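As structure tokens, the structure follows; a few thoughts come after it.
The values are calculated or read from the model by the stated rules, or taken from the named source; none is laboratory data. Keep in mind that what you see is a predicted model, and the values were worked out from it rather than measured. Glycine also receives a Cβ, built like all others from the backbone with ideal geometry; neighbour counts cover every protein chain displayed.
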Amino acid sequence: MKRYVVGGAVRDTLLGRPVNDRDWVVVGTTPEAMLAAGYTPVGKDFPVFLHPQTHEEHALARTERKTAPGYHGFTFHAAPEVTLEDDLIRRDLTINAMAQDEHGALIDPHGGQRDLDAKCLRHVSAAFAEDPVRILRLARFAARFPDFTVAPETLGLVQRMVAAGEVDALVAERVWQELATGLMEPQPSRMLQVLREGGALARLLPEVDRLYGVPQTATHHPEVDTGIHLEMVLDQAARLQAPLPVRFACLCHDLGKGTTAPPEWPRHIGHEGRSEHLARALAQRLKAPGDCTELALVVAREHTNIHRACEFGAAALLRLLERCDAFRRPDRFGLALLACEADARGRLGLEDRDYPSRPRLEAALRTASAVETAEVAKAAAARGAQGEQIAKAIHQARIAALEA
């Protein structure tokens with residue numbers, strides 16, 4: 001039995017990046033021998049075990065064979081005669097198809113180190129085309145390593161996979177998993193760019209793909225193209241170290257501009273409501289988590305009003321806070337403001353400008369929240385008010401606080 005560190009741990013070691021966990025491939029043994037050595041089984045589709053001391057994952061070297069379309073259409077074979085080279089050739093990219101033995105010696109049969117040095121994302125073999133998830137993985141690795149380029153032959157293979165309908169077999173859960181990971185990378189725009197170049201964006205996220213080539217008002221958007229604006233917004237969200245719900249909200253905030261009729265370009269009047277509708281449909285299709293969905297809907301509907309907050313008087317500010325449910329959900333409202341800041345900064349030449357709407361609305365929420373609503377309600381009830389009249393009294397008290 002021999003064991004080798006494989007994949008990302010080897011790649012990141014060679015790049016000088018921190019290694020948070022290691023995966024191992026074990027050659028020349030059986031599941032029964034692993035159990036006898038004290039390893040704990042965890043794999044469902046193929047034999048994977050946890051080391052008895054380190055709890056690191058150890059997978060038996062395996063081969064795979066395509067048996068049906070989509071991500072699940074594979075059968076796996078793990079046996080003592082399967083070699084390390086047999087295992088590595090089934091991996092996605094050359095930079096992920098390297099191994100190190102227990103003494104640190106590098107095993108690199110597919111030129112992964114060469115492609116690391118050249119900053120190139122290249123598929124290992126024709127087996128790449130058998131798994132459509134690898135298109136998403138390629139795109140998110142481009143977002144993780146934004147200075148890497150995709151090899152022309154790999155991009156061509158992706159385009160042929162899309163034309164063959166492979167991406168149509170992807171299940172929503174796996175698309176969301178890879179998309180969410182890509183959104184959290186340092187430059188999420190690269191994920192959209194690679195998906196679009198490969199033709200996959202139009203199949204997986206047609207609402208996003210439609211934004212490219214759609215112009216918007218140059219006075220507000222010097223970058224003009226709505227798709228380019230979206231890329232810039234996502235990269236600003238990464239720069240602001242925003243959590244996933246904010247980044248998904250940024251992805252969805254302008255979807256309605258893709259459905260504006262050309263005669264109405266470039267103003268996109270009423271795109272907010274269309275964006276909210278499309279964001280809801282997209283989130284449902286991807287089975288996005290509730291916190292991501294809820295924030296995306298708020299930001300899509302209200303982002304232009306949040307941008308204009310410095311123009312609003314007390315009554316308009318309060319109505320905005322109420323529509324955003326800011327009193328009950330202040331943390332979510334804070335995330336909405338962060339998404340809107342990324343939107344405001346995601347414009348050519350405006351990447352470092354201040355965003356005064358955020359501190360203004362934060363202060364407005366603090367001020368309005370400081371109103372003693374129980375005392376206001378008690379005083380209103382003493383005057384004979386009930387139900388909506390009490391709510392109106394609280395509303396007026398908050399307006400008075402904001403005016404003051």
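At a glance:
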quantity: Qualifying residue in region 280-293 (condition: under 17 Å from V224 (Cα atoms), β-branched (V, I, T) and out of contact with any Ser or Thr (no Cβ under 7 Å at 6 or more places or on another chain)); calculated: no
quantity: Number of the condition not met by A385 [criteria: (1) part of a loop (DSSP other than H, G, I, E, B); (2) in contact (Cβ under 8 Å) with a residue 24 or more places away in the chain; (3) surrounded by 12 or more Cβ atoms within 10 Å (Cβ to Cβ)]; calculated: (2)
quantity: Single condition G104 does not satisfy, out of (1) modelled with pLDDT under 95; (2) outside the structural domain of A61 (by TED's automatic domain parsing); (3) not β-branched (V, I, T); calculated: (2)
quantity: Any hit, region 331-343, residues being outside any helix (DSSP H, G or I), exposed (fewer than 13 other Cβ atoms within 10 Å of the Cβ) and assigned by TED's automatic domain parsing to the domain that holds M232; calculated: no
quantity: Selection count where residues are surrounded by 23 or more Cβ atoms within 10 Å (Cβ to Cβ), assigned to a helix (DSSP H, G or I), in contact with a helix residue (DSSP H, G or I) (Cβ under 7 Å, 6 or more places away or on another chain) and touching a residue at least 60 places away in the same chain (Cβ under 8 Å), scope region 80-116; calculated: 2
quantity: Count of residues meeting criterion [in a helix (DSSP H, G or I), free of Cβ contacts under 8 Å to residues at least 60 places away in the same chain and in contact with a helix residue (DSSP H, G or I) (Cβ under 8 Å, 6 or more places away or on another chain)] in region 344-359; calculated: 3
quantity: Residue within region 202-210 that is among the small types (G, A, S) and in contact (Cβ under 8 Å) with a residue 12 or more places away in the chain present; calculated: no
quantity: Selected residue (criterion: surrounded by the most Cβ atoms within 10 Å (Cβ to Cβ)) from residues of region 10-46 that are closer than 16 Å to R62 by Cα, of a type outside the set (V, I, T) and touching an Asp or Glu at 6+ places or on another chain (Cβ under 9 Å); calculated: W24
quantity: Residue that is polar (S, T, N, Q) and out of contact with any Asp or Glu (no Cβ under 8 Å at 6 or more places or on another chain), where the choices are Q177, Q187; calculated: Q177
quantity: Test: A401 is at pLDDT 95 or above and more than 30 Å from P222 (Cα to Cα); calculated: yes
